[in-house]
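Chemist: Quick one: this structure, given as structure tokens, is what I'll be asking you about.
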Amino acid sequence: MGLKKEVNAPLIVVSNRLPFVLNRRDDGTLERKASAGGLVTAVAPVVIECKGLWIGWSGIFGLTPDTKIPEADPEDKAPTAGLLSSQVVPVSIEEKMFERYYNGCCNGTLWPLFHSMPDRAVFKADTWKAYSKVNEDFAKCTLQALRKTTQDLDSQGKSNVSPVIWIHDYQLFTAATTIRQVCDEENLRCKLGFFLHIPFPSWDIMRLFPWDDVILQGILACDFVGFHIEDYCLNFIDCCSRRLGCRVDRNKMLVELAGRTVHIKALPIGIPFDRFVQLAESAPVYLKDTDKVKVILGVDRLDYTKGLVHRILAYERLLEKYPEHMETIYLLQISVPSRTNVKEYKQLKEEIDQLIGRINGRFSRPNWSPIRYIYGCLSQEQLAAIYRDSSIALVTPLRDGMNLVAKEYVACQIKDPGVLILSPFAGAGGMMHEALLVNPYEIDDAADTLHRALQMPLDEREVRMKQLRHREQQLNVNHWMKSFLAAIGALVSDENQDPLT
Ligand code: G6P
């Protein structure tokens, strides 16, 4: 990608999860399995090349600091395969603490709150305490790694180089507070960056959180902070001004706290576009009957923010209002199990199971059912084939930081392009202008939009899809990665030309 050699400093990535999955085999040994996310695809090669580090929760309990992380399998072709075990720092979290930190605070409180669904958020002092403690543990591991990295740089005569620490997402809002404090005390040099992968809510929502000031201060302990879109940046700046009384510049996106200036920027994440194109080109047919029926596709983690209930109701309305589509279409909903120990997620699974059962019972005919439902994970290859062969993608979250499914779908439209129906409440909704935008709460309108998409002529589909694909190809995940490094000053050349201008 031409980016790796341009990075001028070691990169230390800190995220809740490591970039691969660790499992304990029956004999107690650990096995390392690749995980396929776009973020990992873009970031791991840079960490490998600059001899950086990745700090994250191992995913299993009972690891001790001297547990050896296995090297990648020689057959492993994933982007993380070259990440040596010496470049991975597993953070161990005790099981009870993890329950309060992850299920409790991260996913029971911060996730719904930051998606502007405060009624679903539970505010509890003990889960917040666990969150703060785990964030401190992450910070301590990071500081240890930072000390070692700066010593190595010094011994190579590179005492002018500052390592870059890049913290990811809402699980780690307060880690930077400890890192900054210790760096100041010990005179350790580093550049601290943060990227939020979910929305940042408005002040009206943020102020409901009893420890909102601590979160804001945690983020402001960084030098540079990225959000997906400008709206989230402005929400954050507004909160800093109103809650902490910071001096802010909304045009230049600067926030000042205790004499330090923090730079804020919108950096919309993309996908590994070319990889999805290649998969779509090579993947065998997975849906065998698409010459007879059109597939309307939904792919989501099973999460209440994704608007699954509203979507399925809109599809039901389509069948009521436009019965001519019966037997010529079906809805294929793929729901990936997620956070299955959290009550809200368990309830949602029940609700969706029942809703689909009711609608299939209502409309099915001997040789046709309106909904096919997969609750599980598919491989990227299978997904690419399904994206390619589906006539419509229904991406209708109630709220979503960006939404990568919309982008993956358009990348895979390599022939007979389909139609993307997209919610304006996803970050992607503000950029993918050629999609059909629909308010997921307006069930009737969503049904009409589906009807329109099913009838859209080929030339209109082609024009829309061409534009959508061009944009996503340019603004791919490597572009995002490069923009972040440029913004924090870690690129040799600071050119960060927007490819669309
Ligand atoms: C969202 C978050 C990520 C998170 C992912 C999966 O995309 O922004 O930080 O990793 O969901 O959720 P999980 O709780 O399984 O890590």
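Chemist: Residue-wise, which Karplus ³J(HN,Hα) couplings in Hz belong to the range 202-217, taking 6.51 cos²θ - 1.76 cosθ + 1.60, θ = phi - 60°, and x for glycine or proline?
Modeler: 6, 4, 4, 8, 4, 5, 5, 7, x, 10, 4, 5, 5, 5, 4, 5
Chemist: Next question. Using 15 Å as the cut-off for backbone N distance, which residues of the range 285-320 belong to the label zone defined by a point 7 Å from the Cα of residue 381 along Cα→Cβ?
Modeler: Those under the cut-off are 285-287.
Chemist: Quick one, can you get me the convex hull of the C-alpha atoms of the chain expressed as volume per residue in Å³? Walk me through the numbers before you get to the answer.
Modeler: Values: hull volume 79.1 nm³, N = 501.
Convex hull volume per residue, Cα atoms: 158 Å³.
Chemist: Show me, for the range 243-248, the HN-Hα J-couplings you get by feeding each phi into the Karplus relation (A = 6.51, B = -1.76, C = 1.60, θ = phi - 60°), rounded to Hz, glycine and proline as x.
Modeler: 8, 9, x, 5, 6, 9
Chemist: Something else now. Using modelled backbone amide H atoms (1.01 Å from N, in-plane), which distant-in-sequence or interchain residues come within less than 5 Å of residue 301's amide H?
Modeler: Here the answer is 336, since their amide H atoms fall under 5 Å of that of residue 301.
Chemist: I would also like to ask the following. Just the number, please: percent antiparallel of the DSSP beta bridges in the chain, rounded to the nearest 5. Numbers along the way, then the final one.
Modeler: Details: 14 of 60 bridges.
That works out to approximately 25 percent antiparallel.
Chemist: Can you tell me the FRET efficiency between residue 416 and residue 60 if r is taken as the Cβ-Cβ distance and R0 is 41 Å, rounded to the nearest 0.05?
Modeler: 0.40
Chemist: For the range 1-116, state the average projected area of the convex hull of the C-alpha atoms over all orientations, rounded to one decimal in nm².
Modeler: Numbers: hull surface 35.8 nm².
If I average the Cα hull's projected area over directions, I get 9.0 nm².
Chemist: Further question: What is the distance, in nm, between label points placed 7 Å from the Cα along the Cα-to-Cβ direction at residue 94 and at residue 441?
Modeler: With each label placed 7 Å out from Cα toward Cβ, I get 4.4 nm.
Chemist: With a bin width of 10 angstrom, please list the P(r) values of the range 218-373 as percents of all Cα-Cα pairs, from the 0 bin to the one holding the largest distance.
Modeler: 9, 24, 20, 22, 15, 8, 1, 0
Chemist: I've got another one for you. Which of rounded, prolate or oblate describes the range 289-397 when judged by the alpha-carbon gyration tensor and an a/c cut-off of 1.5? Walk me through the intermediate numbers first.
Modeler: On the way: a/c = 1.96, a/b = 1.28, b/c = 1.53.
Oblate, because a/c is 1.5 or more while a/b does not exceed b/c.
Chemist: If you don't mind, there's one more thing I want to ask. At 7 Å along the Cα-to-beta-carbon direction for both residue 274 and residue 374, put a label point, then send me their distance in nm to one decimal.
Modeler: Modelled inter-label distance: 2.7 nm.
Chemist: What ranking do 450-462, 168-180, 261-273, 375-387 get when scored by the average of other Cβ atoms within 10 Å per residue, highest first?
Modeler: In descending order of packing, they fall as 168-180, 261-273, 375-387, 450-462.
Chemist: What FRET efficiency comes out for the pair residue 467/residue 346, r = Cβ-Cβ distance, R0 = 25 Å, nearest 0.05?
Modeler: Efficiency, rounded to the nearest 0.05: 0.05.
Chemist: So what is the 222 nm mean residue ellipticity for the chain from helices alone, if each DSSP H run of at least 4 adds -39500 (n - 2.57) and you divide by all residues, rounding to the nearest 500 deg cm²/dmol?
Modeler: -12000 deg cm²/dmol
Chemist: For residue 126, put the label point 7 Å out on the Cα→Cβ axis and report which residues of the range 87-107 keep their amide N under 18 Å from it.
Modeler: Within reach of a label on residue 126, which here means backbone N under 18 Å from a point 7 Å along Cα→Cβ, the range 87-107 contributes 94-107.
Chemist: Charges on Cβ only, +1 for Lys and Arg, -1 for Asp and Glu, centred on the Cα centroid of the range 1-132; of 128, 28, 86, which one is farthest towards the dipole's positive end?
Modeler: Checking the options against the dipole of the range 1-132, the answer is 128.
Chemist: Also: Calculate the dipole size of the chain relative to its Cα centre from +1 charges on Lys and Arg beta carbons and -1 charges on Asp and Glu beta carbons; express the result in debye to the nearest 20.
Modeler: Roughly 360 debye for the chain.
Chemist: Now for a different question. Residues with beta-carbon under 15 Å from that of residue 281, excluding residue 281: net charge, scoring Lys, Arg +1 and Asp, Glu -1?
Modeler: In short, -1.
Chemist: A follow-up question, please. Could you calculate the contour length gain from residue 452 to residue 231, that is, 0.36 nm times the residue separation minus the distance between their Cα atoms, to one decimal place in nm?
Modeler: The span from residue 452 to residue 231 would gain 76.6 nm if fully extended.
Chemist: So for the range 1-141: antiparallel DSSP bridges make up what percent, rounded to the nearest 5?
Modeler: Around 40 percent antiparallel, to the nearest 5.
Chemist: So how long is each side of the range 72-147 along the principal axes, counting just the alpha-carbon atoms, biggest first, in Å?
Modeler: Largest to smallest, the principal-axis extents are 48, 29, 22 Å.
Chemist: What is the mean projected area of the alpha carbon convex hull for the range 103-158, to one decimal in square nanometres?
Modeler: On the way: hull surface 20.2 nm².
Reported value for the Cα convex hull: 5.1 nm².
Chemist: Scan around residue 35 for amide H atoms under 5 Å from its own, H built in the peptide plane at 1.01 Å from N, and keep only partners 5 or more places away or cross-chain.
Modeler: Those lying under 5 Å, H to H, from residue 35 are 21.
Chemist: Past 22 Å, Cα to Cα, is the threshold; run 33/96; 306/343; 191/252 against it and keep the listed order.
Modeler: With Cα atoms farther than 22 Å apart: 33/96.
Chemist: Among residues other than residue 60 whose Cβ falls under 13 Å from its Cβ, what is the net charge (Lys/Arg +1, Asp/Glu -1)?
Modeler: +2
Bear in mind these aren't lab numbers, they're just calculated from the coordinates by the rules spelled out. Note that the structure is predicted; figures quoted are calculated from it, not measured. Please note: Cβ atoms are built from the backbone with ideal geometry, for glycine as well, and neighbour counts cover all protein chains shown.
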